[in-house]
Amino acid sequence: MWLPSRPHDRVERQVFAGFARSTPVDEPLVPLIEAVHDRVTVEVMRGCTAGCRFCQAGMWYRPVRERPVETVVAAATRALRRTGCDEVSLVSLSSCDYSGIEAAIRGIREQAPGVRVSLPSLRVDSAAVVLGRLEDEQRGTVTLAPEAGTQGLRDAINKHIGDDDLDEAVRAVFAAGFSGLKLYFMIGLPGETDDDVRAIADLAGAARRRAREVAAGRAAVRVSVSSFVPKPQTPFERERFAGEATIRSRQDLLRVALPHGVRASFHDVGASLVEATLATGGAPAAALVEAAWRAGARFDGWGEGFDRDAWERAASETGAELGEGGQGSGALPWDVVDGGVEREFLARERDRARTGTTTADCRSGVCDSCGVCREGVEMELAV
Amino acid sequence: MSTWLLHFSRSGAARYMSHLDTARALQRTFARAGITLALSAGMRPRPRLSVVLPLPVGAAAVDELAVVETVADAAARPVTALLRDLEATAVAGLQIEDLEEADGRPHLRPVAATYACRVRGPAAALTEAAEWVAGQDELVVERRSPKGRRTIDLAASLDALSAEAASDGATLTFTVRYGETGTARVDEVVGAVAARAGVEAVAHDVVRTAVKFAGSPAGEARRYERARPSGRGEKGVDAK
């Protein structure tokens, strides 16, 4: 535990090494009023080794630990029977990467015919395979996350997606009967240019054309654009937030460039400024949070509750500059926290980002020595 | 496929469930009992279970009705076994009272509903007010909704309003009839009585004690009227 009174004591992240052998929750509470995510959920896997360089969860929750397929099927079946729900969601950071995903879906369908199986997120490169398994279902919208518009920038952030992969995924989505597709992108990534942003519009336009070709009139393509915020314990932890002016100009650029028929939504720039300040803040950031609270900030995660003026007043009071500053090359506020991944690995990944060099997923058998594995803590795959 | 009439009561915290949440909880009760509901056709199949007359949020009830369609294998089990399994897996406060197989798919039309509730205040004033409201040929109140305002004549749908002295006020009992233009709501009836009596218009311990239905697919004047099952209905009333 980190204590403010002992700020330099090192804190080591604990890893649940027994996760793969543990029993999932199979007797969940059943709400009597409709709740968000009102369905059975079974956690199939912890960790993700895809290695996206902006992603904190992907770095923090390593290594991958997968539950056996029979454990997942048994838990899902029992939970469905106990709750009376008609849908089960197989959850993890990236459920399509769960090595037993097809067997798990098939097993659940055999044990509980008619039940819907949903996945919270689909990675573009494996989406087509999984969507093939879901082909007999009538469904709503699928979300895919290419994150960047050009191959060069996707290589820089280590998203292993080619334009052909995305095209194939879009085709698979609409051929499987889905009526909508949402594409997630980020702007403000390190090394991004205006051309990268225009390429998002090109990609969305190509997806829209492919969707209309496969699904005709019922195809809807939407684009959701967030702002890159550097996160601690990631290869991009020392990068700078792009700043309000850059984010706004790139949002405007994209609004103009997006083709007719593609709806877009953008993350609030003011909220991104606060996120960037808090994400890379050290202990003094606590004073900013308290000052903002005293200034009236409440429930800031909800768009209608976000009060930028309160944060501006708090920043003025505490001397902080929202969205400004960076970590430079010196000590980091979170150096006291040992997340398992070695600092040398993060630095190496940052260098590779600058040269557009990708790093393979360690599931492929190539170890890049991130440093998280040790005796008793190692990758465990279901298949 | 088989069609069933499910009789259930509602009490305790379950009174605060909405109509849709009540229907969903009943659907899940069937699933937990291992009784497979038939699904509607279309893009998004839904279980075929409908609560015939929505209950006001906050109201208990002693004998409500839902029409349920199950796949064929449910009908192969004895009704007593189905009932036992339903009762064992029911939600607290949403008590399964009876299950009877219907002849075809009944199109039930609510004709009238009877309510009881307690209003605090001087019993004499409340009794006099109830008599006055019951004696009116016309009693217009304004109803506000997101769609705007409109006026309702309570007298047109109100039957058998009476008041009986209770420990801290009076227990109102009344029946509302359902017509083409809707019916009077509990809060409107209580509001009219309370305004006349000069007391706060708050209904406590609201219970729907009976519902009358009419109608069938063939247009036959068939009624599903049931007396409260002996010894079961009382526990459906919240005693707060």
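First measure r as the distance between the Cβ atoms of residue A:202 and residue A:355, then evaluate 1/(1 + (r/R0)^6) with R0 = 22 Å and state the FRET efficiency to the nearest 0.05. Efficiency, from the Cβ-Cβ distance: 0.35. Taking amide H as placed 1.01 Å from N in the peptide plane, the amide H of residue B:139 sits under 5 Å from that of B:154, B:155, B:156, each at least 5 places away or on another chain.
Looking at the protein assembly as shown, the DSSP beta bridges with both ends there are about 65 percent antiparallel.
Considering only A:227, A:89, A:249, the Gaussian network model of chain A with Cα springs below 10 Å gives its largest mean-square fluctuation to A:249. As an exercise, use a Förster radius of 22 Å and the Cβ-Cβ distance of residue B:75 and residue B:107 to find the FRET efficiency, rounded to the nearest 0.05. For R0 = 22 Å, the calculated efficiency reads 0.60. Compared with the direct C-alpha span, the chain from residue B:177 to residue B:204 gains 7.6 nm at full extension, assuming 0.36 nm per residue.
Could you tally the net charge around residue B:23, taking each other residue with its Cβ under 14 Å from the Cβ of residue B:23, Lys/Arg +1 and Asp/Glu -1? Here the count lands on -1. Dividing the mean sequence gap of close Cα pairs (under 8 Å, 6+ apart) by how many residues chain B holds gives a relative contact order of 25 percent. For chain A, the longest piece that avoids every one of the trypsin sites (Lys or Arg not before Pro) found in DSSP loops with at most 16 other C-beta atoms within 10 Å covers A:14-297.
Computed from the Cβ-Cβ distance with R0 of 45 Å, the FRET efficiency linking residue A:245 to residue B:46 stands at 0.35. When only Cα pairs below 8 angstrom with a gap of at least 6 residues are kept, the stretch A:313-383 shows a relative contact order of 27 percent.
Remark on the stretch A:122-268: Rg and Dmax equal 15.4, 47 Å (Cα only). Largest mean-square fluctuation among A:97, A:164, A:268, in a Gaussian network model of chain A whose springs join Cα atoms under 10 Å apart, belongs to A:164. The GluC sites (Glu not before Pro) found in the stretch A:1-55 that occupy coil by DSSP, while having at most 15 further C-beta atoms within 10 Å, are A:34. Arranged from fewest to most other beta-carbon atoms within 10 Å of their beta carbon, A:197, B:140, A:336 become B:140, A:336, A:197. Note on chain B: with charges restricted to the Cβ of Lys and Arg (+1) and Asp and Glu (-1), its dipole about the Cα centre is near 860 debye. Counting other Cβ atoms within 10 Å as a rough exposure proxy, the listed residues B:100, A:239 run B:100, A:239 from fewest neighbours to most. At full extension, residue A:294 and residue A:87 could sit 70.2 nm farther apart than now, given 0.36 nm per residue minus the alpha carbon distance. Here the relative contact order of the stretch A:237-383, from alpha carbon pairs under 8 Å that lie six or more residues apart, stands at 24 percent. Taking label positions 7 Å along the Cα-Cβ direction at both residue A:218 and residue B:2, the computed distance is 3.4 nm, reported to one decimal. Rg over Rh for the protein assembly as shown works out to 1.06, using Cα positions for both radii and the Kirkwood form for Rh. Taking Cα centre as origin and charging only the Cβ of basic (Lys, Arg, +1) and acidic (Asp, Glu, -1) residues, the dipole magnitude of the stretch A:122-268 rounds to 500 debye. Within the stretch A:331-346, what residues put their amide N at less than 13 Å from the label point 7 Å along the Cα-to-Cβ vector of residue A:367? Once the point is set 7 Å along Cα→Cβ of residue A:367, nothing inside the stretch A:331-346 turns out to lie under 13 Å by backbone N. Ordered by the count of other Cβ atoms within 10 Å of each Cβ, fewest first, A:181, B:55 give B:55, A:181.
Since every read-out is calculated from the coordinates, none of them should be taken as a lab result. Please read all numbers here as calculations on a predicted model, not as lab measurements. In this analysis, Cβ positions are derived from the backbone assuming ideal geometry, glycine residues included, and neighbour counts consider all displayed protein chains.
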